[in-house]
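Participant: Take this structure, written in structure tokens, and hold onto it; I'll ask about it next.
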Amino acid sequence: MSNNFLVKHTKWLMVLFFLTSCSSSSIVVSKLKPLKDKQQFTIKWSDHPGSAKDPLLESVVTDDAIYVGTYKGKVYSYKVNDGDTNWRIDTNSNLTAGIGYGAGDIFVADNKGILYAYDLQGKAQWHVPLGSEMSSAPQSSNDVIVVTTEDGHIYGLAAQDGSQKWLLVRNMPSLVLRNATGMTVTRGAAFVGVPGGHLLAIDVNTGNIGWESAVSIPRGATELERMNDVMGHPALGEADVCAASYQGKVACMDLPRGSIIWAHDLNTVGPVAASDNKIYAADEKGHIYSYYRSSGAIDWKNESLEGRFLSAPAATSDYVIVGDIKGVVHILSRIDGSELSRIDTDGSAITKQPLIINSNTFFIQTHDGHVYVIIAESK
């Protein structure tokens with residue numbers, strides 16, 4: 001597995017995904033079979049805010065705007081409908097993690113561990129030093145911002161001014177996936193993935209841990225083989241929360257206690273996606289799985305994209321969407337997993353999970369810094 005990663009030395013060793021740091025021309029990619037579109041999709045609008053030398057961070061979509069940031073500190077607000085730029089700012093900092101949103105503000109963090117808050121018009125509100133880089137995009141609920149850092153700290157900060165309300169400190173393993181873990185903050189709770197394959201449920205008002213559950217257990221003889229960090233944002237349902245871990249499992253847990261409802265071994269490439277009663281995941285081979293959320297039984301499996309080095313999937317009520325290392329967007333039927341359509345972008349890798357705007361519209365960003373809003377045409 002070590003060939004798929006680039007190791008960076010800091011206080012501890014952190015691992016970056018190969019696909020986010022290397023050209024797609026350096027690896028062998030399988031050829032696509034011809035496809036006759038069964039459903040038409042078009043690019044509604046696109047822009048080029050980043051580049052391979054100034055990569056895009058994790059973006060965020062709201063009801064009427066899309067917020068995009070670059071490593072070198074540019075932040076853009078786009079109108080969802082037509083892609084017009086609401087505003088653009090230069091933070092004059094090197095940004096890490098991704099764009100956070102909540103409590104009427106957006107949040108960015110730099111490589112010196114400083115968290116910045118801007119209002120939705122791009123005006124600076126406050127900033128606060130946290131001492132270490134953020135490990136995932138900040139999120140908020142009940143006017144509390146939850147922030148995770150690479151030194152194992154989990155902060156609850158007041159949305160009004162960034163003052164600290166509570167702090168949790170976790171021991172960190174010697175190897176972690178850089179910027180791979182994430183969280184979902186909603187309904188007064190934060191569901192936070194931590195290195196070592198564990199998921200925490202935290203009360204955002206007090207910082208108390210309601211439960212801690214092991215999505216997967218580390219296995220293997222070496223530290224690299226035993227890496228099993230929770231990947232990306234957990235998918236929250238009415239009565240459960242589902243997540244995936246690197247070199248580990250895809251699993252669903254009940255909300256009250258964190259007890260495992262079901263789990264399957266799977267080497268996922270990113271977080272799961274959810275839509276209604278289904279959970280979707282992509283593995284390192286390029287296979288896409290649909291599971292019934294209540295039981296974990298496999299609904300369908302698509303192997304037609306094997307060797308395309310897929311992004312994590314996203315899902316709407318009708319479609320499952322993934323991107324590949326050559327910049328092709330694949331739209332699958334949520335019913336049976338058959339491929340309905342393909343859209344070409346700029347030819348560079350799509351490594352970030354697509355973002356859903358509505359049931360027929362979604363957002364894509366590429367390694368070379370393009371962003372796209374793609375929409376299904378009327379049937």
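Participant: For the range 102-139, which positions are part of a strand (DSSP E or B) and acidic (Asp, Glu)? Lay out the reasoning, then the answer.
Facilitator: Let us first name the residues in the range 102-139 that are part of a strand (DSSP E or B), namely 102, 105-110, 114-119, 124-129, 134, 139.
Answer for the range 102-139, where residues must be part of a strand (DSSP E or B) and acidic (Asp, Glu): Asp105, Asp110, Asp119.
Participant: How many residues are over 20 Å from the mean Cα position of the chain (by Cα) and either within 14 Å of Tyr118 (Cβ to Cβ) or surrounded by 14 or more Cβ atoms within 10 Å (Cβ to Cβ) (or both) when one looks only at the range 53-71?
Facilitator: Looking only at that region, the number is 0.
Participant: Return the residues of the range 285-295 that are in contact (Cβ under 8 Å) with a residue 24 or more places away in the chain and of a type outside the set (Gly, Ala, Ser); say none if nothing qualifies.
Facilitator: Of everything in the range 285-295, those that are in contact (Cβ under 8 Å) with a residue 24 or more places away in the chain and of a type outside the set (Gly, Ala, Ser) turn out to be Ile288, Tyr289, Tyr291, Arg293.
Participant: Name the residue that is modelled with the lowest pLDDT, counting only residues in the range 22-48 that are exposed (fewer than 15 other Cβ atoms within 10 Å of the Cβ) and of a type in the set (Ser, Thr, Tyr).
Facilitator: The residue in question is Ser23.
Participant: OK, next. Of a type in the set (A, V, I, L, M) and assigned to a loop (DSSP other than H, G, I, E, B): which single residue out of Ala282, Ala312 fits that description? Full working, then the answer.
Facilitator: On the way: Ala282 fails: assigned to a loop (DSSP other than H, G, I, E, B).
After applying the criteria, what remains is Ala312.
Participant: How about the range 316-330: which of its residues are among the aliphatic types (A, V, I, L, M) and surrounded by 24 or more Cβ atoms within 10 Å (Cβ to Cβ)? Even if it seems obvious, please write down each step before you answer.
Facilitator: Just the residues of the range 316-330 that are among the aliphatic types (A, V, I, L, M), to begin with: 320-322, 325, 328-329.
The answer is Val320, Ile321, Val322, Ile325.
Participant: Which ones in the range 340-358 are of a type in the set (A, V, I, L, M) and outside any strand (DSSP E or B)? Please lay out each step first, then the result.
Facilitator: If we filter the range 340-358 for residues that are of a type in the set (A, V, I, L, M), which is where we start, we get 340, 343, 349-350, 355-357.
Passing the criteria: Ala349, Ile350.
Participant: Just a yes or no: is a residue in the range 331-338 over 23 Å from Asp64 (Cα atoms), touching a His at 6+ places or on another chain (Cβ under 8 Å) and hydroxyl-bearing (Ser, Thr, Tyr)? Show your work before the answer.
Facilitator: Taking the range 331-338 first, the residues over 23 Å from Asp64 (Cα atoms) are 331-338.
The next check asks that each one be touching a His at 6+ places or on another chain (Cβ under 8 Å); those that pass are none.
There is no residue in the range 331-338 that is over 23 Å from Asp64 (Cα atoms), touching a His at 6+ places or on another chain (Cβ under 8 Å) and hydroxyl-bearing (Ser, Thr, Tyr).
Participant: Do we have any residue at all in the range 93-105 that's touching a strand residue (DSSP E or B) at 6+ places or on another chain (Cβ under 6 Å), over 20 Å from His127 (Cβ atoms) and not charged (D, E, K, R)?
Facilitator: no
Participant: When residues of the range 82-101 are filtered for being touching a residue at least 60 places away in the same chain (Cβ under 8 Å) and not in a strand (DSSP E or B), how many remain?
Facilitator: So the count comes out to 1.
Participant: Moving on to the next point. Across the range 92-150, what is the total count of residues that are of a type outside the set (Phe, Trp, Tyr) and closer than 23 Å to Phe191 by Cβ? Lay out the reasoning, then the answer.
Facilitator: Applying the first criterion (of a type outside the set (Phe, Trp, Tyr)) to the range 92-150 yields 92-100, 102-106, 108-115, 117, 119-125, 127-150.
Of the ones still in play, those that are also closer than 23 Å to Phe191 by Cβ are 96-100, 102-106, 108-109, 115, 117, 130, 132-150.
Total meeting the criteria: 34.
Participant: While we're on this one: With respect to Ile325, determine if the residue is closer than 17 Å to Gln39 by Cβ, part of a loop (DSSP other than H, G, I, E, B) and either of a type in the set (A, V, I, L, M, F, W, C) or under 17 Å from the mean Cα position of the chain (by Cα) (or both). Can you show your working first?
Facilitator: Working: closer than 17 Å to Gln39 by Cβ: no; part of a loop (DSSP other than H, G, I, E, B): yes; either of a type in the set (A, V, I, L, M, F, W, C) or under 17 Å from the mean Cα position of the chain (by Cα) (or both): yes.
It is false that Ile325 is closer than 17 Å to Gln39 by Cβ, part of a loop (DSSP other than H, G, I, E, B) and either of a type in the set (A, V, I, L, M, F, W, C) or under 17 Å from the mean Cα position of the chain (by Cα) (or both).
Participant: Further, regarding this structure: Can you tell me how many residues within the range 187-240 are modelled with pLDDT of 90 or more, farther than 19 Å from His153 by Cβ and of a type in the set (S, T, N, Q)?
Facilitator: So the answer is 1.
Participant: Suppose we filter the range 72-90 for residues that are surrounded by 14 or more Cβ atoms within 10 Å (Cβ to Cβ) and over 23 Å from the mean Cα position of the chain (by Cα); how many remain?
Facilitator: Number satisfying all stated conditions: 3.
Participant: Further, regarding this structure: Does Val269 fit the bill of being under 25 Å from Ala97 (Cα atoms) and at pLDDT 90 or above?
Facilitator: Working: under 25 Å from Ala97 (Cα atoms): yes; at pLDDT 90 or above: no.
No: the conditions fail for Val269.
The values are calculated or read from the model by the stated rules, or taken from the named source; none is laboratory data. Please read all numbers here as calculations on a predicted model, not as lab measurements. Ideal geometry is used to build each Cβ from the backbone, glycine not excepted, and the neighbour counts take in all protein chains shown.
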